[in-house]
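The values are calculated or read from the model by the stated rules, or taken from the named source; none is laboratory data. Here the structure is a predicted model, which is why all the values come from computation and not from measurement. Backbone-built Cβ (ideal geometry, glycine too); neighbour counts: all protein chains shown. Side chains included, ligands, DNA and RNA excluded: accessible areas come from the protein's heavy atoms. Shrake-Rupley method; radii C 1.70, N 1.55, O 1.52, S 1.80 Å.
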Amino acid sequence: MQIHLTATPPADIRLHARVVNQGQALGALDAALVEGAAASRFTGRAGQVFEGFASVDGTVRRIALAGLGEAGSADRRAHCERAGAALTAKYLVSGETAMVLDLGGAGLSAEDAAAVLLALRLRAWRHDAYRTRLPADKRPSLTTVHVTGAPEGTAAAWERDAALAKGVEFTRGLVTEPANIIYPASFVAACEDAFKGTGAEITVLGEAEMEALGMGALLG
């Protein structure tokens, strides 16, 4: 999933989402959406999602609200992650290919905003390479998220967390592939390719080195 921080997202995107604190007023939204959220008992609890449709400037938009929980909660980062993951879970195979995500108005810190984006991306990870009979409507469609209203410092915080996400995705791939694809030699090759150009040094132990280190159980 590609995540872009922007001030002006593309105008042709139908799906627009925003994160809201628990109990936060929704007055800026269309009245039908506000009443719909209330009727659906949406309060902004962490990970709670509400969806509705509204006409905005003559264009029908799909509007989503994701709850962040209480603003002063000691579990703020975890709640931010739940909000991001909930949006991906709802729209990954929805048929929508892009989403505009508004992080403004919720009083997020840069670290909070990065937490939303980290979970948004990690929840999108799937390993469908061998699912040859997966129906088209079950395949991921959401590939791009345009983020607006991000607090100052989010770019730097997200750069760090995006690297973390890349590492998690790489590790998930290694442990998910079957043993005839990832075995000692191909594992080393995958790591060498992943760390190429980073300056990281990789040490590979052969049988003699492992025996010298007393790794008899592993050798057995």
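Of note:
- Length released on extending from Glu201 to Ala155, taking residue separation times 0.36 nm less the Cα-Cα span: 13.7 nm
- Extreme residue, positive dipole direction of the range 53-167, given options Ala98, Trp125, Gly72 (C-beta unit charges): Trp125
- Summing +1 for each Lys or Arg and -1 for each Asp or Glu among the other residues whose beta-carbon sits under 14 angstrom from that of Phe170 gives 0.
- Rg over Rh [alpha-carbon atoms, Kirkwood Rh] for the range 73-150: 1.04
- Per the Kirkwood formula applied to alpha carbons, the range 1-119 shows a radius of gyration over Rh ratio, Rg over Rh, of 0.94.
- For Lys138, the lysines whose Cα falls under 28 Å of its own Cα, not counting residues fewer than eight places away in the same chain, are Lys90, Lys166.
- Dipole check for the range 62-166: with +1 at the C-beta of Lys and Arg, -1 at the C-beta of Asp and Glu, and the Cα centre as origin, the magnitude is about 640 Debye.
- A simple spin-label model places pseudo-atoms 7 Å from Cα toward Cβ; at Ala7 and Met210 they are separated by 5.7 nm.
- Rounded to the nearest 20 debye, the dipole size of the chain about its Cα centre is 800 debye, using +1 on the Cβ of Lys and Arg and -1 on the Cβ of Asp and Glu.
- Whole-Å semi-axes of the range 137-219's equivalent ellipsoid (Cα gyration tensor): 36, 19, 10
- Shown are Lys166, Lys90, whose ranking by accessible area with a 1.4 Å probe and every protein chain present, most to least, is Lys166, Lys90.
- The residues neighbouring Thr132, those whose beta-carbon lies less than 15 Å from its own, together hold a net charge of +4 under the Lys/Arg +1, Asp/Glu -1 convention.
- For the chain, excluding the exposed loop sites themselves (chymotrypsin sites (Phe, Trp or Tyr not before Pro), DSSP loop, at most 16 other Cβ atoms within 10 Å), the longest remaining stretch covers 1-124.
- The Cα atoms of the range 28-84 define a convex hull whose projected area, averaged across directions, is 4.2 nm².
- Working note: Cα atoms of the chain, range along each principal axis, descending, whole Å: 72, 42, 31.
- With helices as the sole contributors, the chain gives -11500 deg cm²/dmol at 222 nm; each DSSP H run of n ≥ 4 counts as -39500 (n - 2.57), and the sum is divided by every residue.
- Per residue, in Å², the accessible surface of the chain once ligands and nucleic acids are set aside, probe 1.4 Å: 56 Å²
- More than 13 angstrom apart: percent of Cα pairs within the range 58-104: 62 percent
- Additional length obtainable on full extension of the chain from Glu169 to Ala110, 0.36 nm per residue less Cα span: 19.0 nm
- Restricting the range 122-211 to GluC sites (Glu not before Pro) that sit in a DSSP loop and have at most 14 other Cβ atoms within 10 Å of their own Cβ leaves Glu152, Glu201.
- Surface composition of the range 19-151: carbon plus sulfur atoms contribute 49% of the solvent-accessible area (1.4 Å probe, protein chains only, all chains present).
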